[in-house]
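Only one structure is covered here, and it is reproduced in the block below.
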Amino acid sequence: MPEMDGLAVLGEVVKKSPETPVIIISGAANIGDTVDALRLGAWDYIIKPIQDMTVLIHSVTKCLERAQLLREKEQYRKGLEKVNAQLIQSLDALEKTKDKLVQAEKMAALGGLVAGVAHEINTPVGIAITAASFLKDRTGSINSLFTSGTLKKSDLENYLQNMGEVSHSILVNMERAAALIKSFKQVAVDQTIEEKRVFNLKKYLQDVLVSLRPAYRNRMGIVLEVNCPDTIEVNSYPGAFSQIISNLLMNSFIHGFKDEKSDKGEVFFDISFENSDLFIKYRDTGVGMNDEQLAKIFDPFFTTTRGQGGTGLGMSIVFNLVTQTLGGTIECKSVYGEETEFLISVPGVLVL
């Protein structure tokens, strides 16, 4: 070959088409040439003259088999890349769907909060309206007596006594309504804004439970007990605590106490602390879970009430809030037919 030798040809072939099998057949029995050829990309190196053609046939066969394997490997790689791209798209879609469902859960919680406001404030406002109406009627009667000149001292004294009692009733009930609105407002803000602040844990827990009363007001036979020191102050995310408490309690009423007419059951919040770490033990005496349900309790979209509108995100949200937002741990234990217990620890949040 006047312009290039065999090794140069090999180099060009490999450069332009590395998948092409190349077998070098040479009369030079030089080990250095053999090494160079294999290093440059030759698939085999045969010394001539070839005494037995089966050697060449074997080499060609092996090279073709290798080429076929490489083609199949490349096709498999491309297939995996395609499947991987599809999986990434599916994962993105799933994450978007999950975000929408989580947002829907938040809006549902706010909807429950609005219902709680209406239910709880209705009583004090109703009493105040009744008292104000009575006061208006009595004032009208006294005014008529005064205008006609028939007002007696006893009438005025009776009116003043009634006015004092009714005014006190209006003031007490309006103060109660204002306190309820304040607590509801704080809980609502915390559910939508993830800001860190210092708050009294027991008072905040009670505010959240008040906002959830509409969800369990028909379960008067279920005892709800909160054991928490009055003075615990935490520096953390109240919105996360609100969602955790809400989801735990609703999980108990939806799954633990499935029968809406159930008149027996207990729910306990036992809260303690050590150094600056917070420990919450939540327990209900509901139907409990079997081993399969317990193993999947924190899995996203796992629910036993799929056909009844359950999303399966409640306990997954709790897990993410505890482990990611609060940097803590959560563990679930359950005895089927007896109880379910959640153990939550949150490090470094107490204000000492």
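Quick look at the values:
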| item | result |
| --- | --- |
| Order of exposure, largest accessible area first, which applies to 279, 253 with probe 1.4 Å | 279, 253 |
| Long-range HN-HN contacts of residue 266 with modeled amide H, under 5 Å | 223, 285 |
| Under the Karplus curve 6.51 cos²θ - 1.76 cosθ + 1.60, θ = phi - 60°, whole-Hz ³J(HN,Hα) for the stretch 9-18, x wherever Gly or Pro sits | 4, 4, x, 5, 4, 4, 5, 8, 8, x |
| Calculated from backbone phi, Karplus (6.51, -1.76, 1.60) coupling profile of the stretch 123-139 in Hz, x at Gly/Pro | 5, x, 5, x, 5, 5, 5, 4, 5, 5, 5, 4, 5, 5, 4, 5, 5 |
| Nonlocal amide H pairs with residue 328, under 5 Å, H built at 1.01 Å | 323 |
| For residue 319, solvent-accessible area (1.4 Å; no DNA, RNA or ligand), Å² | 80 |
| For residue 46, distant residues with modelled amide H under 5 Å away | 24, 25, 26 |
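The values are calculated or read from the model by the stated rules, or taken from the named source; none is laboratory data. These numbers were taken from a predicted model, which means no experiment stands behind them. Surface accessibility is based on the protein's heavy atoms, side chains included, excluding ligands, DNA and RNA. Shrake-Rupley method; radii C 1.70, N 1.55, O 1.52, S 1.80 Å.
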